[in-house]
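K.L.:
Could you have a look at this structure, given as structure tokens, before my questions?
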Amino acid sequence: MNRNNVPRWLILLVLALLWILPMASLILFSFAPSSEILKDQLVPSNWTWSNYWRVLTDAGRGVSIPQAMLNSAVIMVAQVVGILLLDIPAAYAFGRLRWPGRDFVFFLVLVTMMMPGILEVISLYDLMANWGLVDTVYAVILPGLPRVVGIFILRQFFQQLPREMEEAARMDGATDFQVFRLIMVPLAAPAIITVGVLSALYSWNNFLWPLIITNSPASMTVPVAVSYLSADTAAIINYTVILAAAFFTSLPMIILFLFGQRWIVNGMRPTAGIK
Amino acid sequence: MSQLRARLFPYLLVGPYLAVFAVFIGYPIVRAIYISFHDWGIFGPNGFVGLGNYASLFADARFWSSLLTTTQFALIFVPMIMVVSVVLAVLLHRTLPGIGLFRTAFFLPLVVNVAVASIAFKWLFEPQAGTINQVLRLLRLPDQTWLAEPGWALIAIALIALWGSVGFMVIILLAGLENIPDDLYEAAELDGSTPIQNFFFITLPLLKPIMLIVMVLSLIQAFQVFGEVLIMTQGGPFGSTEVLTMLLYEEGFRNFAIGRAAAIGVIITIIIAALSLVQFRFFRQR
């Protein structure tokens, strides 16, 4: 290591340790018996799996964590598939095709990204009530389908794909749809994976809308169920169970992150979609 | 025939998306504005009131106090995340032994949802057994009750938001740093410039457009902060963390004063739009 780099390395080490402290402390005490948490200690002195057993069987307040994880998994699969099916063709039309009104419509779609989600939530609740969908997974899934971020990333990617292959295919008599389906979609695979991974993250972690539209433990998603557990006034007694539930339900996303960090980070760059 | 098909093709691709967009994003926004002009309760509209909801909010001390709290939160959060994310981005920009692990430490919170982050911090801030107070006691410094203290609770919430979002801002800033040509630094070093001088005279000025984006994004985030408040403090202690979104939630989903809630939503939107525009205007000109 270059001598100039030593101070930089040390500062980073201190900051990185600070940054993992909240999760590290959460994970450590999720393995502690509940009697451990009122002692003055930074690391528990006794260890147990019992909190995780409670998470799997009876987390308290009538919440079933396995049920919440199943709900979140179903919602995630439905939203990722739905988002990709809607976003890919639309982004292609915005980025690659010419049609009257295109730029204006794209501008309208983009502007809504600036709108606070809580504004939409008020009337979405009304809409779901009219459709009889309150407190169902369908009500959680539907409003998450038109993801504007996905449109944005995919459109940029389609825009910078070279013209040559498209022209060659047209010479061979390919139709518009064949060019899209057989040439453009396969070329856009990196951007499609990026949008898929980001959509999965969004879906699993989304809090506001599932909080408002679900109210029975049977239909809660993971973040709602975990926050419902922690809202108990007697929560401090069960806090080790809540810590275990928090860590256990985060594992799928932590694993996704460890394998897909590249896609997540690339997708968040302002130049996402440009290779 | 085939010409007609060619002309219809873009609409066939974009149509399904736009239909879903219109129902679940476009319509709810327009309808929220419509609702805000009505006396709207749990069973629907009780009549048009014009700007009545807005007038009653402007006459309500609780509205002004939550607007003030939100502004305070933004004034704590935005400078904090700007400084920390710029420092981190500069530290993480060039390669070092273990740089991948360092980046992972700051990016990992991006996949942790707000409920889990709030639970982790509630544990850290726990007055008796929480890590922060234990460390303070070890250092013989006075401990605090953090979330139960009006002066500290908002700062604690800003810290959770910082912990969760700094990675996103760092990713954006790193992309900006990559666009600064290396020869600038090499030339400066030949002239005897120190790393600190490089930072202030090369990095910061050239990073300004990206920092503007980070500032606008974090300001938008500050005015929308919600989950952390709901889980950590429910707006307390003594209303000291009751931000606008929290007031909206209370009015709309607990008191069922839906017209008022919609009006608060419209006001938040207008504030965000106005602040973003002002920032772009003000900083672009310089």
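The values are calculated or read from the model by the stated rules, or taken from the named source; none is laboratory data. Please read these numbers as outputs of a predicted model, since none were measured by experiment. Note that we place each Cβ from the backbone using ideal geometry, even for glycine, and neighbour counts take in every protein chain shown. All accessible areas refer to the heavy atoms of the entire protein, side chains included, with ligands and DNA or RNA removed. Shrake-Rupley method; radii C 1.70, N 1.55, O 1.52, S 1.80 Å.
K.L.:
Which of the residues spanning the range B:176-226 are among the small types (Gly, Ala, Ser) and free of Cβ contacts under 8 Å to residues at least 24 places away in the same chain?
P.N.:
The answer is B:Ala187, B:Ala188, B:Gly192, B:Ser193.
K.L.:
Scan the range B:223-266 residue by residue and report those that are in a helix (DSSP H, G or I) and more than 11 Å from chain A (Cβ to nearest Cβ).
P.N.:
B:Val229, B:Glu250
K.L.:
Taking the range A:86-129, which residues are small (Gly, Ala, Ser) and farther than 30 Å from B:Ile42 by Cβ?
P.N.:
A:Ala90, A:Ala91, A:Ala93, A:Gly95, A:Gly101
K.L.:
Mind listing whichever residues of the range A:151-173 are open to solvent by less than 30 Å² (accessible area, probe 1.4 Å), over 33 Å from the mean Cα position of the chain (by Cα) and among the aliphatic types (A, V, I, L, M)?
P.N.:
A:Ala169
K.L.:
For the condition of a type in the set (A, V, I, L, M, F, W, C) and more than 12 Å from every other protein chain (Cβ to nearest Cβ), what is the one hit in B:Ala61, B:Ala32?
P.N.:
One residue alone meets the criteria, B:Ala61.
K.L.:
Go through the range A:77-133 residue by residue and tally those that are buried (at least 21 other Cβ atoms within 10 Å of the Cβ) and among the polar types (S, T, N, Q).
P.N.:
2
K.L.:
Would you call B:Val266 in contact (Cβ under 8 Å) with a residue 40 or more places away in the chain, under 15 Å from B:Ile160 (Cβ atoms), crowded, with 17+ Cβ neighbours inside 10 Å and among the aliphatic types (A, V, I, L, M)?
P.N.:
no
K.L.:
Turning to a different aspect of this structure: So, A:Gly62, is that one open to solvent by less than 70 Å² (accessible area, probe 1.4 Å) and outside any helix (DSSP H, G or I) or not?
P.N.:
Spelling it out, A:Gly62 is indeed open to solvent by less than 70 Å² (accessible area, probe 1.4 Å) and outside any helix (DSSP H, G or I).
K.L.:
Return the total of residues in the range B:63-112 being assigned to a loop (DSSP other than H, G, I, E, B), at pLDDT below 95 and open to solvent by less than 50 Å² (accessible area, probe 1.4 Å).
P.N.:
Number satisfying all stated conditions: 2.
K.L.:
Within the range A:1-47, how many residues are in a loop (DSSP other than H, G, I, E, B), among the polar types (S, T, N, Q) and buried (at least 18 other Cβ atoms within 10 Å of the Cβ)?
P.N.:
0
K.L.:
It is to be established whether one or more residues within the range A:38-48 are closer than 26 Å to A:Gly144 by Cβ, out of contact with any Ser or Thr (no Cβ under 6 Å at 6 or more places or on another chain) and within 11 Å of chain B (Cβ to nearest Cβ).
P.N.:
No; the residues of the range A:38-48 include none that is closer than 26 Å to A:Gly144 by Cβ, out of contact with any Ser or Thr (no Cβ under 6 Å at 6 or more places or on another chain) and within 11 Å of chain B (Cβ to nearest Cβ).
K.L.:
Identify, please: which residue in the range B:267-286 is assigned to a helix (DSSP H, G or I) and farther than 20 Å from A:Leu110 by Cβ and is, among those, nearest to the other protein chains (Cβ to nearest Cβ)?
P.N.:
Only one residue tops the list, namely B:Ile267.
K.L.:
Can you tell me which residues in the range A:218-231 are at pLDDT 90 or above, hydrophobic (A, V, I, L, M, F, W, C) and open to solvent by 10 Å² or more (accessible area, probe 1.4 Å)?
P.N.:
A:Ala218 - this is the single residue of the range A:218-231 that is at pLDDT 90 or above, hydrophobic (A, V, I, L, M, F, W, C) and open to solvent by 10 Å² or more (accessible area, probe 1.4 Å).
K.L.:
For the range A:232-268, how many residues are within 26 Å of B:Phe102 (Cβ to Cβ), at pLDDT below 90 and touching a Phe, Trp or Tyr at 6+ places or on another chain (Cβ under 8 Å)?
P.N.:
Qualifying residue count for the region: 4.
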